[in-house]
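The values are calculated or read from the model by the stated rules, or taken from the named source; none is laboratory data. Only a predicted model underlies this, so the values are computations on that prediction, with no experimental measurement involved. Glycine gets a Cβ as well: all are built from the backbone with ideal geometry, and neighbour counts include every protein chain shown. These accessible areas exclude ligands, DNA and RNA; they are computed on the full protein's heavy atoms, side chains included. Shrake-Rupley method; radii C 1.70, N 1.55, O 1.52, S 1.80 Å.
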Amino acid sequence: MAASSVTRWPLVYARLHAHFGAQDWWPAQSPFEVMVGAILTQNTAWRNVERAIAALRAADALAVRAILGMDEAELAQLIRPAGYFRVKAKRLRALCAFLAARGVAEDPGQLGRGQDPAALRRDLLAVHGVGEETADAILLYALDAAVLVVDAYTRRIGERLGLLPEKASYGEIQSAIAAEIPADLAVLNELHALLVQLGKEHCRPHPRCEPCPLRSLCPHACA
């Protein structure tokens with residue numbers, strides 16, 4: 001099926017929002033929980049992250065000081081449902097050490113106050129285990145900075161729609177979308193969440209095209 005000549009990111013956003021409605025992301029009770037989730041969600045499904053966070057909460061360990069004061073092996077066991085639990089325990093502790101060094105251990109949501117988001121992003125990327133997607137998720141969902149989160153769903157959907165070249169870098173994808181989507185916190189929040197929803201329900205590695213709200217726009221849609 002041929003893609004529409006007017007297929008652009010604002011049209012994609014409008015179609016997805018009309019189909020799925022507001023997503024109200026990120027599901028968390030505090031900015032710190034968002035940060036923890038951004039680490040734990042690496043290479044795993046969100047349902048596994050929810051189980052790991054529930055275990056942290058049940059152990060009264062969902063706080064910077066609690067994690068830093070905990071034996072790393074004990075922390076790893078608590079977050080075991082999220083997979084790669086030993087690796088992620090080290091990453092969580094590194095993030096918590098960063099927050100403590102910044103003086104926001106008691107209130108991690110204050111990390112971005114009065115700081116330039118670009119400079120803070122560079123600082124986050126220097127933390128062990130924090131890559132671009134994780135840093136941007138923390139900035140957007142925990143600290144209310146208007147940045148775009150790029151993930152595997154973004155790449156797959158953009159490539160299939162012909163809006164992104166294959167093998168584009170993370171930064172190139174951000175720039176391509178930013179050229180069409182305003183740097184608006186609410187819009188960027190919803191866009192990422194909507195792309196995730198589309199990727200989970202329809203635009204899978206083996207796509208389910210028939211009920212997809214973007215089917216008429218997609219040159220890769222199933223016949």
Hey, can you tell me all the residues within segment 172-208 that are under 15 Å from Leu16 (Cα atoms) and surrounded by fewer than 17 Cβ atoms within 10 Å (Cβ to Cβ)?
Ala186, Val187, Lys200, Glu201
With the condition kept exactly as written, say whether any residue in segment 143-150 is touching a helix residue (DSSP H, G or I) at 6+ places or on another chain (Cβ under 6 Å) and over 21 Å from Glu190 (Cα atoms).
no
Considering only residues of segment 209-223 that are out of contact with any Cys (no Cβ under 8 Å at 6 or more places or on another chain), of a type outside the set (A, V, I, L, M) and over 20 Å from Glu166 (Cβ atoms), which is surrounded by the fewest Cβ atoms within 10 Å (Cβ to Cβ)?
Pro211
Which numbered condition in (1) of a type outside the set (Phe, Trp, Tyr); (2) in contact with a Gly (Cβ under 9 Å, 6 or more places away or on another chain); (3) assigned to a helix (DSSP H, G or I); (4) under 24 Å from Gln29 (Cβ atoms) is the only one that Ala145 fails?
(3)
Residue among Ala61, Ala73 that is closer than 23 Å to Glu106 by Cβ, free of Cβ contacts under 8 Å to residues at least 40 places away in the same chain and touching a helix residue (DSSP H, G or I) at 6+ places or on another chain (Cβ under 9 Å)
Ala61
If you check every pair at least six apart or on different chains, which have Cβ atoms under 6 Å apart with a residue in segment 187-207 that is free of Cβ contacts under 8 Å to residues at least 24 places away in the same chain first and a residue that is among the hydrophobic types (A, V, I, L, M, F, W, C) and buried (at least 19 other Cβ atoms within 10 Å of the Cβ) second?
His202/Cys212
Would you confirm whether or not segment 4-11 contains a residue that is modelled with pLDDT under 95, over 19 Å from the mean Cα position of the chain (by Cα) and of a type in the set (A, V, I, L, M, F, W, C)?
yes
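So that you can scan it fast, the table gives a plain yes or no per residue for (1) modelled with pLDDT of 95 or more; (2) more than 23 Å from Val36 (Cα to Cα); (3) more than 13 Å from the chain's Cα centre (by Cα):
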position: Ile138; (1), (2), (3): yes, no, no
position: Val149; (1), (2), (3): yes, no, no
position: Ala152; (1), (2), (3): yes, no, no
position: Arg156; (1), (2), (3): yes, yes, yes
position: Arg160; (1), (2), (3): yes, yes, yes
position: Glu172; (1), (2), (3): yes, yes, yes
position: Ala176; (1), (2), (3): yes, yes, yes
position: Leu185; (1), (2), (3): yes, no, yes
Scan Arg93, Arg102, Arg113 and give me the residue that is surrounded by 17 or more Cβ atoms within 10 Å (Cβ to Cβ) and within 30 Å of Gln174 (Cβ to Cβ).
Arg93
What's the number of the only condition in (1) free of Cβ contacts under 8 Å to residues at least 60 places away in the same chain; (2) assigned to a helix (DSSP H, G or I); (3) not charged (D, E, K, R) that Val104 fails to meet?
(2)
For segment 109-120, does any single residue satisfy the condition of being within 25 Å of Gln197 (Cβ to Cβ) and of a type in the set (A, V, I, L, M, F, W, C)?
no
Pairs where the first residue, in segment 144-162, is farther than 18 Å from Leu120 by Cα and the second is of a type in the set (S, T, N, Q), C-beta under 8 Å, 6+ apart
Leu161/Thr7; Gly162/Thr7
Within segment 152-171, how many residues are buried (at least 18 other Cβ atoms within 10 Å of the Cβ) and not small (Gly, Ala, Ser)?
9
Considering residues of segment 116-134 that are more than 15 Å from Val149 (Cβ to Cβ) and open to solvent by 80 Å² or more (accessible area, probe 1.4 Å) only, the residue farthest from the chain's Cα centre (by Cα)
Asp116
